[in-house]
Amino acid sequence: MELRVMAVSGSPVKKGNVDAYMNHLRAESEKAGALFDAVKLAELDIRDCVHCNFCLRRQEPGRYCSLRDDAQPVFEKLDAADVVILSSPVYFMRTSGLMASFIDRMRVFVFGNLVGGKLKNKIGLSAAVAWARHGGLETTHLSHIYAFLTLEMIPVSVHHCVSPLGASAVASKDGTGLFDKEVRLGVEQDAAGLHAASAMIGRALELAAIVKRGAAAR
């Protein structure tokens, strides 16, 4: 059974810790035989939602939103995915502004006359990278999980991880919050964080397969 994973990064940093964490999620996905695609919001022109309600009645193929920017291809990738990953650095104990703005734009999948409800029953995985172990990981996950629930998606949870709310990693050594100029990608040294990513994506693919088999049997 072919499964598709679509990851969205809310980090503005090139080749930083969020990218490194996404690379681990990619490797684990591909090892399990899934197709993996990803976009970085910082590399795209995606504007804020203006709440014009275009999406309620005027959607058509190739245009889910009134705003003409880079969001449409991302919408279509989400539509085709079985697993959606929202991955963000922790900023001020919450998800990044880039991610928050994009989540607002996902409104097209709530009320849209063409694609409203199209993310229902897809699997949602939250991924977050904080500087310190208790520096906002769970509040960042909750931002993503609230979006998944609003879209009637199925959030992933694994008990034996840093947090059951999502894939959680830290960029400082052992999550202490102390700076070490010799360490560029601290997530690569965070064994607990890497375990969490592996466990969470494994569970996400398991759930996606269950949902897909169930849909095929109906």
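For segment 16-58, enumerate the residues that are of a type outside the set (Phe, Trp, Tyr), in contact (Cβ under 8 Å) with a residue 24 or more places away in the chain and within 17 Å of Leu185 (Cα to Cα).
Result: Gly16, Asn17, Val18, Ala20, Met22, His24, Leu25.
Which pairs turn up if I take residues in segment 180-204 that are on the phi > 0 side of the Ramachandran plot and look for partners that are surrounded by 14 or more Cβ atoms within 10 Å (Cβ to Cβ) with beta carbon separation below 6 Å, at least 6 apart in sequence or on another chain?
none
Suppose we filter Val158, Val211 for residues that are hydrophobic (A, V, I, L, M, F, W, C), touching a residue at least 24 places away in the same chain (Cβ under 8 Å) and part of a helix (DSSP H, G or I); which single one remains?
Val211
Select from segment 161-179 the residues that are of a type outside the set (A, V, I, L, M, F, W, C) and touching a residue at least 40 places away in the same chain (Cβ under 8 Å) and write down the one among them that is nearest to Gly124 (Cα to Cα).
Going through segment 161-179, the residues of a type outside the set (A, V, I, L, M, F, W, C) turn out to be 163-164, 166, 168, 172-177.
Now drop any that are not touching a residue at least 40 places away in the same chain (Cβ under 8 Å), which leaves 166, 168, 172, 174-177.
Details: Gly166: 10, Ser168: 15, Ser172: 27, Asp174: 27, Gly175: 25, Thr176: 29, Gly177: 29 Å.
Only one residue fits best here, namely Gly166.
Only residues that are part of a loop (DSSP other than H, G, I, E, B) and surrounded by 15 or more Cβ atoms within 10 Å (Cβ to Cβ): list them for segment 184-200, please. If you could, list the steps in order and put the result at the bottom.
Keep residues of segment 184-200 that are part of a loop (DSSP other than H, G, I, E, B), which gives 184-185, 190.
Listed by number, the residues that qualify are Leu185, Asp190.
Given the condition part of a strand (DSSP E or B) and either among the hydroxyl-bearing types (Ser, Thr, Tyr) or over 26 Å from Ala130 (Cβ atoms) (or both), answer yes or no: does some residue in segment 28-47 qualify? Please lay out each step first, then the result.
Step one: of segment 28-47, the residues part of a strand (DSSP E or B) are 35-40.
Filter again for either among the hydroxyl-bearing types (Ser, Thr, Tyr) or over 26 Å from Ala130 (Cβ atoms) (or both), leaving 35.
Checked against the condition, which is being part of a strand (DSSP E or B) and either among the hydroxyl-bearing types (Ser, Thr, Tyr) or over 26 Å from Ala130 (Cβ atoms) (or both), segment 28-47 yields at least one hit.
Would segment 116-133 turn up any residue that is in contact with a Lys or Arg (Cβ under 6 Å, 6 or more places away or on another chain), in a strand (DSSP E or B) and at pLDDT below 95? Outline the logic, then answer.
Initially, segment 116-133 is screened for residues in contact with a Lys or Arg (Cβ under 6 Å, 6 or more places away or on another chain), giving none.
Among the residues of segment 116-133, not one is in contact with a Lys or Arg (Cβ under 6 Å, 6 or more places away or on another chain), in a strand (DSSP E or B) and at pLDDT below 95, which makes the answer no.
The values are calculated or read from the model by the stated rules, or taken from the named source; none is laboratory data. Quantities reported herein were computed from a predicted structural model and do not represent experimental measurements. Please note: Cβ atoms are built from the backbone with ideal geometry, for glycine as well, and neighbour counts cover all protein chains shown.
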